[in-house]
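The structure under discussion appears below in the form of structure tokens.
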């Protein structure tokens, strides 16, 4: 079922909707990039698309998956195909904030003997940052990276140092090993646009992986995009118009997860009342629309549909919903709650839920 972009609302007031030629060019670049990544990474097409959407939204992502699923290889390959600088930071319990941001050192001028402080940049000064196992380092070090993510600069001794643009942080977490870790607080997780689940490959994909990685295969990757082109597409994403009924649909999905304010009626679905300890904030609404814009560009469209919102809701909401003890006892995860939410909240302008939509189709 398609959504007609009636009464479009642009995120850039006063600007015209982007031309189909620009969107088509952006889509072609994205397809070429996905083709290049597929030379190294087998399968995981949905994960690659979600990371690309996150990059085009100027957001950051957390990748959750067991060891050995090529999370690090995927991120480094993506950085190579877009011709961006890349640094990997291995988070450990003894890592200090200055190990990430950089530090000042005393430097002596051999001619004059004068000593001055010189700032030595840390690994955070790169376009793409892989924060490997971010939950293995103490909160003060996590906070140093999260400040850089939010502000796009670091401050050392009162001096602000701007980070290179685009700036894209991809953090990884191991979901099965929690001993000796420092889980990110919910407020800090909320700063990540997406939480991306990396699953096991299918049998055929794993067969291809084994064949590729046990031979002397050398892959030449082409540079599809550069920093300037990425910035252009990021601006294009912001200019994609969104119909009011699509924005209202995103708001209905997010607001259905929240506890009502005092004096207001509780409009949450019954399963949310039973299983949810805390719901999503306004960042979730913003993320749904912004990610929907990026998906529209990747699919060659100049407007956002309700289907775009539905397609990005899992990576947007799964780390912003906190299931309660009842959910844990019944084996209910945040993804299960999101799936139920899509079934009961109809798309604005259509008046039908996802189950009825499937019948209509």
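Of all DSSP beta bridges confined to the chain, the antiparallel ones make up roughly 45%. Our summary gives segment 205-309 a relative contact order of 32 percent, counting only alpha carbon pairs under 8 angstrom and 6 or more residues apart.
Helix 139-151 and the longest principal axis of the C-alpha atoms of the chain enclose an angle of approximately 70°.
Of 285, 45, the sequence from fewest to most neighbouring Cβ atoms within 10 angstrom is 45, 285. By DSSP, the beta bridges lying fully in segment 125-267 are antiparallel in about 50 percent of cases.
The long axis of helix 282-298 is offset from the longest Cα principal axis of the chain by roughly 90 degrees. The sum of -39500 (n - 2.57) across all DSSP H runs of n ≥ 4, divided by the residue count of the chain, sets its helix-only mean residue ellipticity at 222 nm to -13000 deg cm²/dmol. In plain terms, the residue of 235, 270 with the fewest other Cβ atoms within 10 Å comes first and the most crowded comes last, giving 270, 235.
Over the chain, Cα pairs under 8 Å with separation of 6+ residues give a relative contact order of 24 percent.
Counting beta carbons within 10 Å around each of 205, 21 and listing the fewest first gives the order 21, 205. Against the main long axis of the alpha-carbon atoms of the chain, helix 203-213 sits at an angle near 20°.
The numbers here are math on the coordinates, done by the rules we state, and not lab data. Computed from a prediction, not measured in an experiment: that's the story for all the values here. All Cβ positions, glycine included, derive from the backbone under ideal geometry; neighbour counts span all protein chains shown.
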